[in-house]
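Notes to accompany the following structure.
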Amino acid sequence: MEKSRKKYIIGIVGSAGAGKSTVAAEFARLGCGVVAADELNHELLKQPEIIERLVGWWGVSVLSADGCIDRGKVADIVFENVAELKKLTNLVHPLIERRIERLIHIYQEDTAIKAVVLDVPLLIEAGLLKLCDFVIFVETNEQNREKRLKNNRGWTPQRRKFIENLQISLDFKENISEYTIDNNSGIPATASQVEQFFLSILE
């Protein structure tokens, strides 16, 4: 897919627990269309053919009581085994990428949308950097990241480090970004930075 020049495409990068979705929500408040890969992944895991494939791999233990995929149980499997994580990634990422491209097209055609924001955890690794006009790095200290991941996802420090070690380094992400948002001081401070950046690129 070629990069459209109709509206700016803004990519958000940072570590797990940095608060990328919080930043994306502030862009949405300003009138941007947000492409959230985690939401697309959640929808994908509801599809019968995907459920069947995962149960074929890992058994009925990955199902919740209602017959849907239990994301927590899948996470327990793939975040302890690189081979299983790669298998899952190879299955779902091409499907998610096609949905991302379709949403970008929809937002580009929507006159009410001011810009398109990509909230994609593996933005660089998935080769989506080429679509972006601007990249924002969300900076959050290790203590805050660890606290958020423990409270919101039940992650241990070991799991956080396992995931971070599989991804491109934070130094690289920050170096290729045009703008850094400090997300250590609460939502009002973060919202102010997002608004400042957005107004500067619209001008």
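Bear in mind these aren't lab numbers, they're just calculated from the coordinates by the rules spelled out. Bear in mind that the values here come from a model prediction, so they are computed numbers and not experimental data. Because the Cβ atoms are built from the backbone with ideal geometry, glycine has one as well, and the counts that use them run over all protein chains shown.
Relative to the longest principal axis of the Cα atoms of the chain, helix 48-58 runs at roughly 60 degrees. Near Q193: Cβ cut-off under 12 Å, other residues only, Lys/Arg at +1 and Asp/Glu at -1. The net charge is -4. P(r) tail for the range 1-106: Cα pairs beyond 23 Å make up 39% of the total. Sorting 88-99, 113-124 by average packing, meaning the other beta carbons within 10 Å per residue, from highest down gives 113-124, 88-99. Relative to the longest principal axis of the Cα atoms of the chain, helix 157-166 runs at roughly 70 degrees.
Using a cut-off of under 13 Å, list every residue of the range 172-189 whose amide N is near the label point 7 Å from the Cα of N141 along the Cα-to-beta-carbon line. Those under the cut-off are 183-186. Mind pulling the angle between the C-alpha long axis of helix 20-29 and the longest principal axis of the chain? Nearest 10 degrees, somewhere in 0 to 90. On a 0 to 90 degree scale, this one is about 50. The label-point distance for L129 and F162, in a model that sets each label 7 Å from Cα toward Cβ, rounds to 2.7 nm.
Need the C-alpha centroid separation for the range 132-188 versus the range 57-77, integer Å. So the separation of the two Cα centres works out to 27 Å. Each of I69, P94, Q193 was placed along the dipole of the chain (beta-carbon charges, centred on the mean Cα), and the one lying farthest toward the positive end is I69. Only one residue of A28, Q167, P48 has its Cα farthest out toward the positive end of the dipole of the range 9-202, where Lys and Arg carry +1 and Asp and Glu -1 on Cβ, and that residue is P48. Using a cut-off of 15 Å between beta-carbons, work out the net charge of the residues near V23 (Lys and Arg +1, Asp and Glu -1, V23 not included). Once all neighbours under 15 Å are counted, the net charge is -3. The length gained by stretching the chain between R29 and K150 to full extension, at 0.36 nm per residue less their Cα-Cα distance, is 40.9 nm. Taking the Cα centre of the chain as origin and assigning +1 to Lys and Arg Cβ atoms and -1 to Asp and Glu Cβ atoms, the resulting dipole is close to 220 debye.
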